[in-house]
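**Q** Sending over a structure as structure tokens; questions will come in a sec.
The values are calculated or read from the model by the stated rules, or taken from the named source; none is laboratory data. Please read all numbers here as calculations on a predicted model, not as lab measurements. Positions of Cβ are backbone-derived with ideal geometry, glycine not excepted, and every protein chain shown enters the neighbour counts.
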Amino acid sequence: MRIAMWSGPRNLSTAMMYSFGSRADFAVRDEPFYAPYLARTGKVHPMHDEILNAHETDPNKVGLACSGQGEPHLYMKHMPHHMVEGFPMDWAAGCAHVHLIRHPARVIASYAAKREAPTLDDIGFVQQARLFDALGGIVIDSTDIRADPEAMLRKLCSAIDLSFDPAMLHWQTGPRVEDGIWAEHWYHAVHQSNGFAGEEGPVPTLEPAMQELLDQAMPYYQKMQKHCLRLG
């Protein structure tokens, strides 16, 4: 099995990668198209030069690696906005596609704390909705996972015809060898964890400067949310 987990930034995506990486039968890949995305678009992100120097920037070579040849089950953490027009998508055929979503206000508040002035393109809601229309798959909300990790992971595994493994609920603290080099900037919180955090608090109130971005992202989130896995 190859799982393509599509998620915007500042979601539960790294914790989910660690969850599947805790299984003995899975290899994981961390945002394999990040370096090609930066190289193609010229966008300057934290640790930009380090990312380009440490990771493969040729999208065709990355696509070949995502085919999973020689791997056990493969879990791939992908960002929808990394899939620039012209990047290969043939590797996605036969994948189990899962779309991880989170309320845009939570995403924006968390992203802005790590990188100033996020744009709609940065947070990936538009691109994720387009990928869902093109690829289909399962939708799951990170808030539901945090509220009841075991129940929601069991539900997800059942939906993609994979047996649940209790090892998915815990991992060792600290970085993992599979982390992208960008983990130094983005993964501090998850490196302090050994499992899924508890329920989230109220949806944050954003500064007025971020309200327009929230208004732009909400329709795409609401569209995806209608397809979410639910307990019961």
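**Q** Here are some conditions: (1) of a type in the set (Gly, Ala, Ser); (2) outside any strand (DSSP E or B); (3) touching a residue at least 60 places away in the same chain (Cβ under 8 Å). ALA39 meets all but one. Which one does it not meet?
**A** Every condition holds for ALA39 apart from (3).
**Q** Just checking, how many residues over the stretch 166-191 are part of a loop (DSSP other than H, G, I, E, B) and either touching a residue at least 60 places away in the same chain (Cβ under 8 Å) or of a type in the set (A, V, I, L, M, F, W, C) (or both)?
**A** So in the stretch 166-191, the residues part of a loop (DSSP other than H, G, I, E, B) come out as 171-182, 187.
With the extra rule that they be either touching a residue at least 60 places away in the same chain (Cβ under 8 Å) or of a type in the set (A, V, I, L, M, F, W, C) (or both), the set shrinks to 171, 176-182, 187.
Total meeting the criteria: 9.
**Q** Against the conditions (1) touching a strand residue (DSSP E or B) at 6+ places or on another chain (Cβ under 7 Å); (2) surrounded by fewer than 21 Cβ atoms within 10 Å (Cβ to Cβ); (3) not aliphatic (A, V, I, L, M), where does ASP49 fall short? Just the number, please.
**A** (1)
**Q** Residues to consider are VAL62, VAL84, VAL44, VAL28; find the one that is part of a helix (DSSP H, G or I) and either surrounded by fewer than 21 Cβ atoms within 10 Å (Cβ to Cβ) or of a type in the set (Val, Ile, Thr) (or both). Write out each step before concluding.
**A** Numbers: VAL84 fails: part of a helix (DSSP H, G or I); VAL44 fails: part of a helix (DSSP H, G or I); VAL28 fails: part of a helix (DSSP H, G or I).
Among VAL62, VAL84, VAL44, VAL28, only VAL62 is part of a helix (DSSP H, G or I) and either surrounded by fewer than 21 Cβ atoms within 10 Å (Cβ to Cβ) or of a type in the set (Val, Ile, Thr) (or both).
**Q** Out of the residues in the stretch 204-230 that are buried (at least 16 other Cβ atoms within 10 Å of the Cβ) and of a type in the set (A, V, I, L, M, F, W, C), which is nearest to GLN128 (Cα to Cα)?
**A** MET224
**Q** Condition first: of a type in the set (Ser, Thr, Tyr) and at pLDDT below 95. Now tell me which residues in the stretch 49-87 satisfy that. So that I can check it myself, show each step before the final result.
**A** We begin by selecting, within the stretch 49-87, every residue of a type in the set (Ser, Thr, Tyr); these are 57, 67, 75.
Hit for the stretch 49-87 is SER67, nothing else.
**Q** Name the residues in the stretch 129-149 that are touching a His at 6+ places or on another chain (Cβ under 6 Å) and surrounded by fewer than 17 Cβ atoms within 10 Å (Cβ to Cβ), would you? Before you say what the answer is, go through the steps one by one.
**A** Within the stretch 129-149, the subset touching a His at 6+ places or on another chain (Cβ under 6 Å) is 132, 135, 137, 139.
Residue satisfying the conditions is LEU135 alone.
**Q** ARG10 - would you say it is in contact with a Ser or Thr (Cβ under 8 Å, 6 or more places away or on another chain), of a type in the set (Lys, Arg) and under 17 Å from VAL190 (Cβ atoms)?
**A** Working: in contact with a Ser or Thr (Cβ under 8 Å, 6 or more places away or on another chain): yes; of a type in the set (Lys, Arg): yes; under 17 Å from VAL190 (Cβ atoms): yes.
The answer is yes for ARG10.
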